[in-house]
Amino acid sequence: VLRSLINNKAPLQLGRMCYSSSSVPTTKLFIDGKFVESSSSEWLDIHNPATNQVVGRVPKATQDEMLAAVDSCSRAYRSWSETSILSRQQIFLRYQQLIKENIKELAKAITLEQGKTLADAEGDVFRGLQVVEHACSVTSLMLGETLPSITKDMDTYTYRLPLGVCAGIAPFNFPAMIPLWMFPIGMVCGNTYLMKPSERVPGCTMLLAKLLQDAGAPDGTLNIIHGQHAAVNFICDHPAIKAISFVGSNQAGEYIYERGSRNGKRVQSNMGAKNHGVVMPDANKENTINQLVGAAFGAAGQRCMALSTAIFVGESRDWLPELVERSRSLRVNAGDQPGADVGPLISPEAKARVEYLIQKGVDEGAKLLLDGRNVRVKGYENGNFVGPTILSNVTADMTCYKEEIFGPVLIILEADTLDEAISLINRNPYGNGTAIFTTNGATARKYTHEVDVGQIGVNVPIPVPLPMFSFTGSRGSFRGDTNFYGKQGIQFFTQIKTVTSQWKAEDATVTSPAVTMPT
Ligand code: NAD
């Protein structure tokens, strides 16, 4: 089905498992194993960010549709949670294979709606695929613990068990990777899952759902609803939903954390960032400049781990002219065009916001070393393009430093010492990621020890941990107790049942009741 949809038959319908009578394809809901048309009267347009043409429509699911989706999850949970762990593992083994076989088609669906380059979109799928591969280790990850002979004839052991129905709310910037952080781990642990993709990029999630169905996931184990605030509130409030995974902005994430927690749910909330790269004068210059350029402008800066802020320590500030030249050489183009390095931003509003923050930086005293505003992309004049932009002489009180820009803008601060750089970073409210570029092990060690950020790269610009570890953003970038994927992801989706049992070998008769606390 996937291939027939994609093989040139309906290029604008990529990512939607559906056709409608109107010329614009509609995104279906996925309820109880069926891709169904919503009966909603409220629909949102989906745009290709390179052209701003409407490429699809997505419904705001009705209350009845959302209830049907949760009911389906609840019914499926009864049998899914009792399905053997080996059977669940087999489904995800097949799933990872299907994702591999369809990686190019998934990437095309991402580029169409999200705008990133095809190569980057494949990376988006690949990083999610790695999480699915790791989910296949569930048989080891779900092991409980035992302690025999805690007293005579008595043993204690634990089971790691699923929670029930879990739900995920995803952002627009990683249409494959982030949903794949969510439902595969939740489901392989025995939970059923209600997914709400970003209303701006739902197509890839629909393809992923179809592949999961093809891999053998029973009806109702994954349901998908669409929408905005009403769908989010529904997820936060429905009593059958036991846990919520959120990734997105602080505005939404803090709200969801509070509303979901108040309703007694587990919530993990990965949010915004301002990631600093510290450039020491002893760093490998060539390598560092390339890493900075790639990590600041890749995906048009729309990554939560984008290295959007550089602190040049001491004489490393002399490298700025080369950094500017290398950045200028990046090719801005539609994501599906050969050789494109920097694609468009998600929306005209995002573009206007990024341009506003650039101008605000200039007005507040920053120096515009490279201006990507007014970039012209031939054939894509209506796209949301901003070219690589560099602002230097930035200080911590400027708006462009305080706000997450989420665009292809690198802001540059200077520091005389490493201590000064660390102190600046630790005063910033976010704690998602950071990197240091140095050839000195002691400098690197001091940095990793003292910097208060959850994910640190040493000569690695975007240190997103592989799935056997967890995504450990901290401070203002995270709310919750247990992080996404890895061991912590398994913990998030499971609860522990502890059994203490006594089997007496000889005469088991208890002669009199004991009223004191058993020790
Ligand atoms: P967003 O918060 O606008 O949207 C995320 C989800 O929340 C969407 O599904 C959306 O429908 C919903 N939503 C949006 N506004 C809401 C509101 N006011 N109330 C309730 N729900 C709401 O985020 P986005 O623009 O899609 O994504 C970009 C943001 O995500 C950036 O801040 C980025 O740093 C962050 N992000 C963080 C991580 C991470 O792991 N820390 C990863 C990717 C993206």
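What follows is calculated from the coordinates using simple rules that are stated; it is not laboratory data. These figures come from a predicted structure and were not determined experimentally. Note: ideal-geometry Cβ built from the backbone for every residue, glycine included; neighbour counts use all protein chains shown.
Values computed for the structure shown
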read-out: At R0 = 35 Å, FRET efficiency that the Cβ-Cβ distance of residue 315 and residue 119 yields, to 0.05; value: 0.50
read-out: Given charges at beta-carbon only (K, R positive; D, E negative), |dipole| of the stretch 95-253 in Debye; value: 180
read-out: Selected from 260, 295, 182, residue furthest toward positive end of dipole (the stretch 174-298; charges at beta carbon); value: 260
read-out: Cα shape, the stretch 252-399, gyration tensor, a/c 1.5 rule; value: oblate
read-out: Value of relative contact order over the stretch 164-298, rounded to a whole percent, pairs C-alpha under 8 Å and six or more apart; value: 23
read-out: Mean Cα-pair separation over length for the chain, i.e. relative contact order, pairs under 8 Å, 6 or more apart, %; value: 17
read-out: Percent RCO, i.e. relative contact order, over the stretch 102-195, from Cα pairs under 8 Å lying at least 6 residues apart; value: 30
read-out: Within the chain, helix-based [θ] at 222 nm, where runs of 4 or more DSSP H residues each add -39,500 (n - 2.57), nearest 500; value: -11000 deg cm²/dmol
read-out: Cβ-Cβ FRET estimate between residue 439 and residue 64, R0 fixed at 41 Å, reported to 0.05; value: 0.10
read-out: Whole-angstrom gap from the stretch 240-289 to the stretch 130-189, using each part's C-alpha centre; value: 21
read-out: DSSP-defined antiparallel bridges as percent of all bridges, the stretch 108-212, nearest 5; value: 40
read-out: Stretchable slack from residue 416 to residue 263, in nm (0.36 nm times residue separation minus alpha-carbon distance); value: 50.2 nm
read-out: Tensor-based shape of the chain (alpha-carbon gyration tensor, a/c under 1.5 rounded, otherwise prolate or oblate); value: oblate
read-out: Inter-site label distance for residue 353 and residue 85 at 7 Å from Cα along Cβ, in nm; value: 4.2
read-out: Net charge, residue 61 excluded, C-beta distance under 12 Å - Lys, Arg +1, Asp, Glu -1; value: -2
read-out: Nearest-0.05 FRET efficiency for residue 229 and residue 329, computed from C-beta distance (R0 51 Å); value: 0.75
read-out: Potential lengthening between residue 519 and residue 219 on full extension [0.36 nm per residue; Cα-Cα distance subtracted]; value: 103.3 nm
read-out: Distance between modelled label sites at residue 512 and residue 53, nm, 7 Å Cα→Cβ extension; value: 8.9
read-out: Charge-dipole axis of the chain as Lys and Arg at +1 and Asp and Glu at -1 on Cβ define it, positive-most pick from 503, 192, 385; value: 192
read-out: Selection from 154, 144, 99, by position along the positive dipole direction of the stretch 57-177 (Cβ); value: 99
read-out: Gain upon complete extension [residue 466, residue 290; 0.36 nm per residue less C-alpha separation]; value: 61.1 nm
read-out: Assigned charges on the beta-carbon of Lys, Arg, Asp, Glu; the chain dipole about Cα centre (debye); value: 900
read-out: Cross-link partners of residue 274 among lysines (Cα-Cα below 30 Å; sequence separation of 8 or more within a chain); value: 108, 116, 196, 265, 285, 351, 360, 367, 402, 446, 487
read-out: Prolate/oblate/rounded call for the stretch 50-133, Cα gyration tensor, a/c under 1.5 rounded; value: oblate
read-out: Two-site label geometry, residue 37 and residue 157: point separation in nm, points 7 Å out along Cα→Cβ; value: 5.4
